[in-house]
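Structure, as structure tokens:
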Amino acid sequence: MATSTPPRPSRTREAVESVVIRFAGDSGDGMQVTGSQFTVETALAGNDLATFPDFPAEIRAPAGTTFGVSAFQIRFGAADVLTAGDAMDVLVAMNPAALKVELRDLKPSATIVVDTGAFTERNLAKAGFAANPLQDGSLAKYRLLPFDITKLTADAVKTFGLGTKEAHRCRNMWALGLMLWMYGRERAATVEWLQKKFAKRPDIAAANVAALNAGHAFGETAEMAEHVVGYTVAPAHFTPGVYRTVSGTEALAWGLIAGMRAAGLSRMIFSGYPITPASALLHTLANLKAFGVLTFQAEDEIAAIGAAIGAAYAGALGVTSSSGPGIALKTEMLGLAIATELPIVLVDSQRAGPSTGMPTKTEQSDLFQAVLGRNADSPLAVIAPCTAGDCFPIGVEAVRLATKYMTPVIVMSDTYLAHAAEPWRIPEERDLPRFPVRFRTDPAGFQPFQRDPDTLSRPWALPGTPGLEHRIGGIEKDFDTGHISYDPANHHRMTQTRAAKIAGIARDIPPQDVALGEPLGKLAVVGWGSTFGAIHEAVRRSRGEGLEVSHIHVRYLSPFPANLGDLLRRFERVLVPELNNGQLVQLLRAAYLIDAQGFNKISGKPFHVAELAAAIREHAGRDS
Amino acid sequence: MTVVTVTDRELQPKDFASDQEVRWCPGCGDYAILKAMQKALADVGAPRERTVFVSGIGCAARFPYYVSTYGFHTIHGRAPTIATGIKLANPELDVWVVTGDGDALSIGGNHLLHVLRRNVDLQLVLFNNEIYGLTKGQYSPTSRKGTRSPSTPLGSVENPISACQVALGAGARFVARSVDTLMAHLVGVLGRAHEHRGASFVEVFQNCVVFNDGVFDNFTAKEIAPEAQLHLQHGQPLVFGRTREKALRLVPGKLELEVVPATAGDVLVHDERNRALAQLLASLEPPEFPVALGVLYCNPAPAFEGEVYAQARAAGLGTASASLDGLLRGGQTWTVS
């Protein structure tokens, strides 16, 4: 415990296993960069971690309002950290609105750091507080640390001659400095980042560094109240290797590039239309031209996928990306890519819907759209990463399946995965798979829809190749010649061939594994996509309580792995938690005639481990 | 599929015919356009393997099947998007987009605007028959007010759109017009379009014999054509008429054209680089004015994909030093041993 003898250059720190911190403030308060920098310093300190940025749709909502609150949550610890945590140990609230919004997710004895300078009557009223919660005793069950961060920051930066507004903007760095002190983190990476970010305004860089240092010193020196302690969190045990933090967006961008290189392609044409939360992928790839990527901001969603299809037709890796409503617009083009059998990758960063829904909130409700949402019999491949780091191999796999089977492949990401960050062991390029494409060049016996007997895929024959001049299109083709055909039997055969081609992918993907637990038993908890961490922790906890439960996470959603049905039938019960109103559960029931039950949450927020654990207890405890 | 590789002689128009049976209605203007295109391709010496025809949906959109080059029959209105992707992936390809009035100006209006303003290096040929043919005769966005059709039994109340004015408004750097029946003229216009670097827009008035027969007779009928057609030549005065006795000039003090005797003073001289003049010419309609045919506007500017590649190369596109390991290890890393 802390001692009370000042000065205390190295106060005793309390060891903790894992911590959940949430930085919350106005959307203009810089909470996302504060959280991101805390993440970097935490990663460098060797902890395992998971993050959850949560921000409003409004770019700058009126200051001080509850709907303008932007937050960043991080959980870090010495053991396997798979989710950003259900409830907070520490809340850093930069104004009354942030306190108001975030109170519901606090642990009973949580620490609350507030900037008292922001608790003005005006701000209290805007947040809807009748009385000042810092004074009315309503926060008594928490450990309240009220500091006038506004004034302390102003004092720290006054030598730099900034305007009031610019000085005020350094508050987040003060708060960050305090939290870095509290958990024994370094500041060097943040200082470096500030100097780079504000290279053109050295005064602002210096002021931010001064605020950061002042917050840190505030913790370090006697200024802090006696009951405030520093903590230590032991480093996690990682597999040896070189690590970095990675967000799902970065990992997916890099995975697509790795896939392009593995396929031996020299060019990726990535075309997108701005939409939340998918735009981040466009922004990331726009800066990676050196790796053979050309990005194209199209005039609409349809043009974006059109350009990807055109690029694929001409021999590049065609990639497009959107979110639910934009994917809907691309639907007819997907049909064209299916009919012409051209390889494209479509990334769906799912968000809460229908229609505009809640654009910045996460959901898994586009699964039906991806697997089934097209006119006619139009199968394609659908895969889903389960963590930020998994976006990398999924990106590679999407390119492999698209080019090998000459088909569109949909990658199901979501708001959570796009922004969530985690430590990631960096793979070596030499360890990655190789699957070079072979463009058709021999005119002898060429027919554009002549199929490989194993994969049923057609040749990739590029314009520019002498002797292969041919015509393709959305009209049905003759199985033998590739020419336009309205023959009834031929259409039947072609439809079944297209279906068989996609179904055959099941032979070329890993069998479904069990992420945790035995491959048979009382209860299988089956998830897909970004819910991996929460389900895994909930299953781990339930198994610790003695429940006979296993975690199965499906990465291949169309087609399913060949053994999935047999595997699920070895369990008495199947529970399918999803952030939607029940979609995978329906697909599993339809495919395997099993009595799978759904557990659904449609709040725009990820699962809490506790609610999943409760659902597991209910289902595992029940006799079948 | 028959493979004919012609290397020892120049390609003839017939070498650009595919082995597919042409299935337009007998007498359709599309036959003439196909023939003109095959001749234009032979004239410009287009290599078949590097030529790609991209189309959307409609009667015109069947065009790629009948040309012996590469061809992609896509979906309604979206051909420009696919053509843009093709050019981004391989700028060496010579891309033609074949479209119709419904395809380009209704369902695909947005893409037309953007392929033109971006100045993608391709030729876009719009077959304008002022009707939806393939869906059996509904009025189109270029149909004149009052057009009676299955969907407008009492006549359309909508104002038609002018394809060339839209193209100019979208920022096209090459805008031209021709008629399906003017073979030599059309071949010349297509050749000019091909020669132009950047997006070339060509409107071809095309007669639909089944659903809109004779809709262009008011300026294409043999007996009135000389009076109703203004054939543009860069640097030449804007004269027309049976004996080239009429001319166009600006109404003094106004930005407005008037028909005057060719002998009058101040007769306008065609300048393909003058966008304002091109807009005026595009808006001329019979019976008061002749229809302007030929190259209305030609004022080249750098093409989209050229600019994209120049920028990307400056940013290191495809540099050998761009290793994946370098990318993944960029930023802050730490080692666990």
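The values are calculated or read from the model by the stated rules, or taken from the named source; none is laboratory data. Being a predicted model, the structure only gives us computed values, none of them experimental. Backbone-built Cβ (ideal geometry, glycine too); neighbour counts: all protein chains shown.
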Test: residue in region B:40-47 that is within 9 Å of another protein chain (Cβ to nearest Cβ), closer than 26 Å to A:Ala312 by Cα and either outside any helix (DSSP H, G or I) or touching a Lys or Arg at 6+ places or on another chain (Cβ under 8 Å) (or both): yes
Matching option when the condition is among the charged types (D, E, K, R), closer than 15 Å to A:Arg471 by Cβ, more than 9 Å from chain A (Cβ to nearest Cβ) and surrounded by fewer than 23 Cβ atoms within 10 Å (Cβ to Cβ), among B:Glu21, B:Glu10: B:Glu21
Residues being among the aliphatic types (A, V, I, L, M), over 25 Å from B:Phe205 (Cβ atoms) and over 19 Å from the mean Cα position of the chain (by Cα) - total across region B:270-313: 3
The listed residue being surrounded by 15 or more Cβ atoms within 10 Å (Cβ to Cβ), within 18 Å of B:Asn129 (Cβ to Cβ) and at pLDDT 95 or above, out of B:Val189, B:Val259, B:Val175: B:Val189
Hey, B:Arg192 touching a residue at least 24 places away in the same chain (Cβ under 8 Å) and either in a loop (DSSP other than H, G, I, E, B) or touching a Pro at 6+ places or on another chain (Cβ under 6 Å) (or both) or not: no
Hits in region A:562-585 (condition: farther than 23 Å from A:Tyr416 by Cα and either surrounded by 21 or more Cβ atoms within 10 Å (Cβ to Cβ) or in contact with a strand residue (DSSP E or B) (Cβ under 9 Å, 6 or more places away or on another chain) (or both)): A:Leu564, A:Leu567, A:Leu568, A:Arg570, A:Phe571, A:Glu572, A:Arg573, A:Val574
Answer residue from region A:289-312, given it is within 7 Å of chain B (Cβ to nearest Cβ) and of a type outside the set (Gly, Ala, Ser) and is surrounded by the most Cβ atoms within 10 Å (Cβ to Cβ) among those: A:Ile309
Scan of region A:163-182 for residues that are assigned to a loop (DSSP other than H, G, I, E, B) and surrounded by fewer than 23 Cβ atoms within 10 Å (Cβ to Cβ), ordered by number: A:Gly163, A:Arg169
When residues of region A:332-369 are limited to those that are under 26 Å from A:Gly527 (Cβ atoms) and part of a helix (DSSP H, G or I), the one farthest from the other protein chains (Cβ to nearest Cβ): A:Leu367
Matching residues in region A:465-480 - criterion: being surrounded by fewer than 18 Cβ atoms within 10 Å (Cβ to Cβ) and facing chain B (nearest Cβ under 7 Å): A:Pro466, A:Gly467, A:Ile475
Hey, B:Ser106 part of a loop (DSSP other than H, G, I, E, B) and at pLDDT 95 or above or not: no
Filtered residues of region B:58-74 (kept if assigned to a loop (DSSP other than H, G, I, E, B) and more than 8 Å from chain A (Cβ to nearest Cβ)): B:Gly58, B:Cys59
Selection status of B:Thr99, more than 7 Å from every other protein chain (Cβ to nearest Cβ), of a type in the set (Ser, Thr, Tyr) and touching a residue at least 24 places away in the same chain (Cβ under 8 Å): yes
Hits in region A:43-89 - residues which are among the hydrophobic types (A, V, I, L, M, F, W, C) and buried (at least 22 other Cβ atoms within 10 Å of the Cβ): A:Ala43, A:Leu49, A:Ala50, A:Phe52, A:Val69, A:Ala71, A:Phe72, A:Ile74, A:Phe76, A:Val81, A:Ala84, A:Met88
Qualifying residues in region B:75-87 (those that are under 17 Å from the mean Cα position of the chain (by Cα) and at the interface with chain A (Cβ under 7 Å from one of its Cβ atoms)) - the one surrounded by the fewest Cβ atoms within 10 Å (Cβ to Cβ): B:Arg78
Search result, residues across region A:195-217 that are over 15 Å from A:Ala167 (Cβ atoms), surrounded by 13 or more Cβ atoms within 10 Å (Cβ to Cβ) and free of Cβ contacts under 8 Å to residues at least 12 places away in the same chain: A:Lys197
The one condition in (1) touching a strand residue (DSSP E or B) at 6+ places or on another chain (Cβ under 8 Å); (2) part of a helix (DSSP H, G or I) that B:Gln165 fails to fulfil: (1)
Filter result (buried (at least 17 other Cβ atoms within 10 Å of the Cβ), free of Cβ contacts under 8 Å to residues at least 24 places away in the same chain and part of a helix (DSSP H, G or I)) within region A:587-624: A:Arg589
Given (1) under 27 Å from the mean Cα position of the chain (by Cα); (2) assigned to a loop (DSSP other than H, G, I, E, B), index of the condition A:Gly546 fails: (1)
Tally, over region A:22-50, of residues that are more than 18 Å from the chain's Cα centre (by Cα), within 19 Å of A:Tyr243 (Cβ to Cβ) and outside any helix (DSSP H, G or I): 3
Counted residues, region B:285-337 - those being facing another protein chain (nearest Cβ under 8 Å) and charged (D, E, K, R): 2
Residue satisfying all of: in region A:104-161; in contact with a Lys or Arg (Cβ under 8 Å, 6 or more places away or on another chain) and among the charged types (D, E, K, R); surrounded by the most Cβ atoms within 10 Å (Cβ to Cβ) among these: A:Asp115
Which listed residue, of B:Leu126, B:Leu112, is within 14 Å of chain A (Cβ to nearest Cβ), at pLDDT 95 or above and buried (at least 24 other Cβ atoms within 10 Å of the Cβ): B:Leu112
Any hit, region A:273-288, residues being touching a strand residue (DSSP E or B) at 6+ places or on another chain (Cβ under 8 Å), within 11 Å of chain B (Cβ to nearest Cβ) and closer than 25 Å to A:Gly389 by Cβ: yes
Of all residues making up region B:269-308, the number that are outside any helix (DSSP H, G or I) and over 30 Å from A:Phe270 (Cβ atoms): 23
Residue that is nearest to B:Met37 (Cα to Cα), among those in region B:83-109 that are acidic (Asp, Glu) and in contact with a strand residue (DSSP E or B) (Cβ under 9 Å, 6 or more places away or on another chain): B:Asp94
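Every residue, every condition in (1) touching a Lys or Arg at 6+ places or on another chain (Cβ under 6 Å); (2) surrounded by 23 or more Cβ atoms within 10 Å (Cβ to Cβ); (3) more than 13 Å from chain B (Cβ to nearest Cβ), yes or no:
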position	(1), (2), (3)
A:Pro379	no, no, yes
A:Val382	no, yes, yes
A:Val411	no, yes, yes
A:Pro423	no, yes, no
A:Asp431	no, no, no
A:Arg434	no, no, no
A:Arg440	no, no, no
